[in-house]
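J.: Before I ask anything, here is the structure I am working with.
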Amino acid sequence: MHHLVIDQMQQKVKIPTQPCRIISLVPSQTELLFYLGLDKEVVGITKFCIHPHVMFKSKPRVGGTKKYDFEKIKSLKPDLIIGNKEENDQAQIELLKKEYPIWMSDIFTLEDALEMILEIGKMVNKKSAANKLIKNIKISFEQCRQVIRQLSHRPRAAYLIWKNPTMIAASQTFINEMLQIAGFENIFDSEFRYPQVSDKKLAVTKPDVILLSSEPFPFNEKHVNEIQIICPNAEIRLVDGEIFSWYGNRLLLAGSYLKNLRLSIDNKDLT
């Protein structure tokens, strides 16, 4: 039995009523599938699908998020492939669509993420678990927002995702949504999601706060010192990139993390 669903790119997808061989091409959505209890149904993941670790070690990998092993995918006989517009390569997704049903997410806001969780939950017959997850995520973020609303200012922030060249997360990203929720003003409002920024440009924008992500580039303390030379007056922090950019069940951790990050920057008492 099959039925039609609409994905977040507004595309009609014909999927099995009970998908039993699922391939996920997005790490955060892979983690979500396992959180919902699809241990057996997930037959393929990417080399970047590192959570949960036990599944990362045991499940077949079909390549990365941009380049796939088509023969490996064929051998796994998927009846549903789940991807994302931004994270996956459009040309290769189009090739896969000729052979398999593919459901694509398209996520810029927290609401988009919650909608994705619900729609995936319905597709894999885990609607109740998905609704419970959504409820708990909403509670966590509302607790965060209540604290942030009491703060008197919005620090101007730059969020770096790459080095050599320096690349930042601009306004048209899910990372920007997390920055806004934490009460930061993203100083890079760009038509490009991840523009390159010169050291000079970073310096002249004079951000109050510079956040160095743990992924995709693994920033560390050495880079804090390097950036501090460029922006001597900025507060520079290493942050968990998964919190800012993974939009599945990891959002359960995000509300508390963002609240504590912001309070620590404001020199507030975290107790």
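The values are calculated or read from the model by the stated rules, or taken from the named source; none is laboratory data. Remember, predicted model here, so these are calculated numbers, not experimental data. Don't worry about glycine lacking a Cβ; one is built from the backbone with ideal geometry, like all the others, and counts go over all protein chains shown.
J.: Please specify each residue of the stretch 81-108 satisfying the condition of being closer than 20 Å to Y247 by Cα, among the hydrophobic types (A, V, I, L, M, F, W, C) and touching a strand residue (DSSP E or B) at 6+ places or on another chain (Cβ under 9 Å).
T.: Matches in the stretch 81-108: I81, I82, I102, W103, M104, I107.
J.: Separate question: Identify, from the list I139, I175, the residue that is crowded, with 20+ Cβ neighbours inside 10 Å, β-branched (V, I, T) and within 29 Å of I22 (Cβ to Cβ).
T.: The match here is I175.
J.: May I ask you to list the residues in the stretch 165-218 that are without any contact (Cβ under 8 Å) to a residue 40 or more places away in the chain, of a type in the set (V, I, T) and in contact with a strand residue (DSSP E or B) (Cβ under 9 Å, 6 or more places away or on another chain)?
T.: Correct list: T166, I168, I187, V197.
J.: Consider G37 against the criteria (1) among the small types (G, A, S); (2) in contact with a Pro (Cβ under 6 Å, 6 or more places away or on another chain); (3) part of a loop (DSSP other than H, G, I, E, B): it satisfies all of them except one. Which criterion is unmet?
T.: So the condition that G37 fails would be (2).
J.: Let me ask something additional. Taking only the stretch 206-236 into account, find how many residues are surrounded by fewer than 15 Cβ atoms within 10 Å (Cβ to Cβ) and within 27 Å of E86 (Cα to Cα).
T.: 3
J.: To continue, here is another question. Could you please let me know if V62 is surrounded by fewer than 20 Cβ atoms within 10 Å (Cβ to Cβ) and either not assigned by TED's automatic domain parsing to the domain that holds R193 or not acidic (D, E) (or both)?
T.: The answer is no for V62.
J.: Is it the case that some residue within the stretch 45-55 is assigned by TED's automatic domain parsing to the domain that holds K12, within 20 Å of I15 (Cα to Cα), touching a helix residue (DSSP H, G or I) at 6+ places or on another chain (Cβ under 9 Å) and in contact (Cβ under 8 Å) with a residue 12 or more places away in the chain?
T.: For the stretch 45-55, residues assigned by TED's automatic domain parsing to the domain that holds K12, within 20 Å of I15 (Cα to Cα), touching a helix residue (DSSP H, G or I) at 6+ places or on another chain (Cβ under 9 Å) and in contact (Cβ under 8 Å) with a residue 12 or more places away in the chain: present.
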